[in-house]
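Novice: Sharing a structure, written as structure tokens. Questions coming.
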Amino acid sequence: MTTPIPSALGAVRHDWTLTEVQALFALPLMDLLFHAQRVHREHHEPNTLQMSTLLSIKTGACPEDCAYCPQSVRYDTGLEHEALMEVAAVRESALRAREAGATRFCMGAAYRSPKARDLRVIAQMIREVHALGLETCATLGMLSPEQARELKEAGLDYYNHNLDTSPQFYPEIISTRTYQDRLDTLRAVRAADLKVCCGGILGMGESPADRAELLRILANLPEHPESVPINQLVQVPGTPLAGTAPLDPFEFVRAVAVARLLMPRAHVRLSAGRRTMSDEMQALCFMAGANSVFYGEKLLTTGNPDVERDRQLFERLGLRAEAFDGRQHRQAPGHGNALGHESGGCGCARVHAHAETAS
Ligand code: SAM
Ligand code: DTB
Ligand code: SF4
């Protein structure tokens with residue numbers, strides 16, 4: 001196996017071979033972590049985290065058959081279906097997320113693809129959230145180029161659409177939309193000049209080669225996604241994947257490190273699954289180059305660590321919030337904040353809320 005020359009790691013490339021990616025996975029863990037942390041520091045402010053809060057704006061009754069998903073109408077997971085939310089309620093929720101310290105608000109809907117009428121309402125939600133000074137993200141299923149443009153015009157910053165796994169393993173997980181459908185949506189999103197949030201799920205029973213191939217395909221896209229969510233499968237009773245053998249945590253950490261090496265400028269998000277990860281495993285993921293999290297007690301339909309628990313963890317690790325553009329939040333000197341820390345007004349303190357900066 002050819003191991004990429006360590007000094008060459010950190011270059012932005014789009015021509016990774018599977019053999020090269022597998023060679024990175026095969027490095028001794030400490031070497032892999034060392035290179036990932038080194039490359040991370042070449043491209044990012046260390047010890048900072050981008051924080052996104054999720055809201056399910058339309059829940060359940062989805063016609064797709066994604067084997068991991070509690071929202072598919074095909075599986076009995078006991079989930080209550082909810083119609084598209086009112087714009088005012090979404091705004092309220094975004095305001096609370098901002099007060100808690102999130103900088104990005106991500107609206108998720110259980111659609112195969114959005115209908116024109118619903119997209120108009122969602123565009124209004126985006127305008128309202130944008131007006132609060134938050135970055136906006138949406139994940140609504142497949143989009144046409146026109147739909148992507150409509151969202152962009154409403155003020156959308158990011159669109160989340162995951163490849164989920166390798167093309168080889170994909171048919172075991174989803175039959176109702178193809179891998180190519182996903183790539184087409186990503187192309188439409190880019191063409192509308194939206195930022196791309198695209199990653200996958202680990203721990204679905206895929207092989208090490210599938211994990212390497214997923215990351216290789218992400219890295220070989222014409223442009224790297226700005227945001228790469230690495231989810232650990234949240235096993236929900238009633239879904240076909242409930243009962244899957246859990247992934248070795250070190251294999252998950254390796255995947256985070258390889259994502260960092262392949263996409264040096266991207267924000268790599270430690271995404272779903274944090275609730276069942278130990279503090280130590282999360283710290284290893286941050287060491288491996290993860291610099292973004294979902295923040296807030298709920299993902300879409302399942303739980304996420306409590307905000308207070310996260311604040312304590314980030315405090316213990318000396319991690320602080322990152323502002324929109326990679327700088328830290330600024331606050332008036334001595335101003336107390338929602339995270340219970342006194343800010344020095346300078347981007348020095350720990351994670352803190354940013355009502356002023358966001359307005
Ligand atoms: N319905 C839209 C779609 O699939 O494109 C948007 C919402 S969907 C819930 C967004 C992503 O959440 C999926 O692509 C998948 O990567 C992730 N996801 C869903 N259920 C999950 C689970 N049980 N564990 C981990 N990630 C999950
Ligand atoms: C992503 O990659 N993970 C998020 C977000 N994008 C939309 C969703 C995780 C969902 C976990 C299961 C649930 O809460 O329903
Ligand atoms: Fe529907 Fe999205 Fe869930 Fe698939 S992942 S079943 S498309 S909500």
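Novice: So how strong a dipole does region 1-143 carry about its Cα centre when Lys and Arg Cβ are +1 and Asp and Glu Cβ are -1, to the nearest 20 debye?
Specialist: Values: 14 positive and 16 negative charges, 73 e Å.
Roughly 360 debye, rounded to the nearest 20.
Novice: Under 8 Å for C-alpha pairs, at least 6 residues apart: give me the relative contact order for the chain, rounded to a whole percent.
Specialist: Details: 737 pairs, mean separation 79.8, N = 359.
So the answer I get is 22 percent.
Novice: Continuing with the same structure: Using amide H atoms built in the peptide plane, which far-off residues or other-chain residues are under 5 Å from L299 H to H?
Specialist: Under 5 Å from the amide H of L299 lie the amide H atoms of N304, each far enough along the sequence or on another chain.
Novice: Which of rounded, prolate, oblate describes region 161-295, given a ≥ b ≥ c as roots of the alpha-carbon gyration tensor eigenvalues and a/c under 1.5 marking rounded, otherwise prolate only if a/b is larger than b/c?
Specialist: Numbers: a/c = 1.71, a/b = 1.14, b/c = 1.50.
Verdict is oblate for region 161-295.
Novice: Tell me the relative contact order for region 120-218 as a rounded percent, counting alpha carbon contacts under 8 Å between residues six or more apart.
Specialist: Details: 124 pairs, mean separation 31.1, N = 99.
Once normalised by length, the contact order is 31 percent.
Novice: Evaluate the distance, in nm, between pseudo-label points positioned 7 Å from the Cα of A11 and of E308 along their respective Cα→Cβ axes.
Specialist: Label at A11, label at E308, 5.1 nm between them.
Novice: Classify region 50-157 as rounded, prolate or oblate, taking a ≥ b ≥ c as the square roots of the eigenvalues of its Cα gyration tensor: rounded when a/c is under 1.5, otherwise prolate if a/b is larger than b/c and oblate if not. Don't jump to the answer; show the numbers that get you there.
Specialist: Details: a/c = 1.94, a/b = 1.35, b/c = 1.44.
Cα axes put region 50-157 in the oblate bin.
Novice: Then there's this: For region 140-191, report the translational diffusion coefficient in µm²/s to the nearest whole number, using Stokes-Einstein at 4 °C, 1.567 mPa s, and a Kirkwood Rh over Cα pairs.
Specialist: 110 µm²/s
Novice: A further question on this structure: Can you give the convex hull volume per residue for the Cα atoms of the chain, as a whole number of Å³?
Specialist: About 120 Å³ per residue, rounded to a whole number.
Novice: To the nearest 0.05, what FRET efficiency results for E315 and D248 with a Förster distance of 35 Å applied to their C-beta separation? Let's see the in-between values first.
Specialist: Details: r = 29 Å, r/R0 = 0.82.
Plugging the Cβ-Cβ distance into 1/(1 + (r/R0)^6) gives 0.75.
Novice: How charged is the neighbourhood of Y158? Take every other residue with its Cβ under 13 Å from the Cβ of Y158, and add Lys/Arg as +1 and Asp/Glu as -1.
Specialist: Details: positive: R104, K152, R190, K195, R269; negative: E135, D157, D193, E226.
Computed value for this residue: +1.
Novice: I've got another one for you. Can you give the local net charge around Q168? Use residues other than it whose beta-carbon is closer than 13 angstrom to its beta-carbon, Lys and Arg +1, Asp and Glu -1.
Specialist: On the way: positive: R211, R216; negative: D164, E172, E206, D210, E213.
Local net charge: -3.
Novice: Could you tell me which of rounded, prolate or oblate describes region 223-268, using a ≥ b ≥ c as the square roots of the eigenvalues of the alpha-carbon gyration tensor, with rounded for a/c under 1.5 and, failing that, prolate when a/b is larger than b/c and oblate otherwise? Provide the component values of the computation, followed by the final result.
Specialist: Details: a/c = 4.37, a/b = 1.98, b/c = 2.21.
Oblate is the answer for region 223-268, as a/c is 1.5 or above yet b/c matches or exceeds a/b.
Novice: Collect residues whose amide H, placed 1.01 Å from N in the peptide plane, falls under 5 Å from the amide H of S56; neighbours closer than 5 in sequence don't count.
Specialist: G108
Novice: Something else: Could you tell me the calculated FRET efficiency between D31 and E280, based on Cβ-Cβ distance and R0 = 25 angstrom, to the nearest 0.05? Show your work: numbers first, answer last.
Specialist: Details: r = 20 Å, r/R0 = 0.78.
E between D31 and E280, to the nearest 0.05, is 0.80.
Novice: Also, I was wondering about something else. So what is the 222 nm mean residue ellipticity for the chain from helices alone, if each DSSP H run of at least 4 adds -39500 (n - 2.57) and you divide by all residues, rounding to the nearest 500 deg cm²/dmol? Provide the component values of the computation, followed by the final result.
Specialist: Numbers: 11 runs with 126 residues, N = 359.
That calculation yields -11000 deg cm²/dmol at 222 nm.
Novice: Mind jotting down the distance between the C-alpha centroids of region 134-158 and region 59-84, whole Å?
Specialist: Between the Cα centres of region 59-84 and region 134-158 lies a distance of 22 Å.
Novice: Can I ask one more? Relative contact order for region 211-279: what percent, with Cα pairs under 8 Å and sequence separation of 6 or more? If you can, show how the numbers build up before the last one.
Specialist: Values: 56 pairs, mean separation 33.7, N = 69.
So the answer I get is 49 percent.
Read-outs throughout are calculated quantities, based only on the coordinates presented, and are distinct from any laboratory measurement. Worth saying up front: this structure is predicted, and the values here are computed from it rather than measured. All Cβ positions, even for glycine, are placed from backbone atoms using ideal geometry, and neighbour counts span all protein chains on display.
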